1. Could you work out the helix-only [θ] at 222 nm for the chain, with each DSSP H run of four or more residues adding -39,500 (n - 2.57) and the total divided by the number of residues, to the nearest 500 deg cm²/dmol?
2. Stick to Cα atoms and the Kirkwood definition of Rh, then tell me Rg/Rh for the range 34-94.
3. Restricting to Cα pairs below 8 Å that are 6+ residues apart, what does the relative contact order work out to for the chain? Please round to a whole percent.
4. With unit charges on the beta carbon (Lys/Arg positive, Asp/Glu negative), name the residue among 67, 111, 24 whose Cα is farthest towards the positive pole of the charge dipole of the chain.
5. Per residue, how big is the convex hull of the chain when only Cα atoms are used? Give it in Å³.
6. Among 90, 47, 126, whose Cα sits farthest toward the positive end of the charge dipole of the range 29-128 (+1 at Cβ of Lys/Arg, -1 at Cβ of Asp/Glu, about the Cα centre)?
7. Name the shape class, rounded, prolate or oblate, that the alpha-carbon gyration tensor gives for the range 12-56, where a ≥ b ≥ c are the square roots of its eigenvalues, rounded holds for a/c under 1.5, and otherwise prolate holds if a/b is larger than b/c and oblate otherwise.
8. Using the Kirkwood radius over C-alpha pairs as Rh, can you work out the diffusion coefficient of the range 53-125 via Stokes-Einstein at 10 °C, viscosity 1.306 mPa s, in µm² per second?
Amino acid sequence: MSAPSHETRRRPHRVYREGTDPDPRFSLANERTFLAWLRTAMALMAAGVGIEAVNTTTALLHAPLVTALAVLLLIGGVLISAVSFTRWATTEKALRTGRPLPPPRMGAFLGYGLAAVGVAVAVLLVLLGF
């Protein structure tokens, strides 16, 4: 019995069955971008947990607003985490098949989302008298 080929061992099959291996530098850059999105997702989730931890230990007057902000950060982190793998796979397929790279979608979501969170935090700080 022969050993499985290199292509059949690589996962996900839906990515590696198509096209040919691109220059390794491009695949590694795609992987670094994927890991950067995961770090961003973890930072958002950590911020949400941190805000809620401060909220519960200081008994702020507007606790429901602070909790809502924490939940928004957590949801944002979860969404970015979930979408980042799909983005990696789509980009890797494009690299392997010579198609154009997919347009960036998460950047706008994250940029506008963080701007909205920043405004919400500023408003909370003013309302709470900090």
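No value in this document is a laboratory result; all are computed from the given coordinates. As the structure is a computational prediction, the values presented were derived from the model and not from experiment. Because the Cβ atoms are built from the backbone with ideal geometry, glycine has one as well, and the counts that use them run over all protein chains shown.
1. Using -39500 (n - 2.57) per qualifying helix, the result is -27000 deg cm²/dmol.
2. Taking Rg over the Kirkwood Rh, I get 1.18.
3. Once normalised by length, the contact order is 32 percent.
4. Comparing the listed Cα positions along the dipole, 24 ranks first.
5. Looking at the chain, the number lands at 126 Å³ per residue.
6. Going by the charge dipole, the pick is 90.
7. Numbers: a/c = 9.30, a/b = 3.17, b/c = 2.94.
It is prolate, given that a/c is not under 1.5 and a/b is the larger ratio.
8. 109 µm²/s
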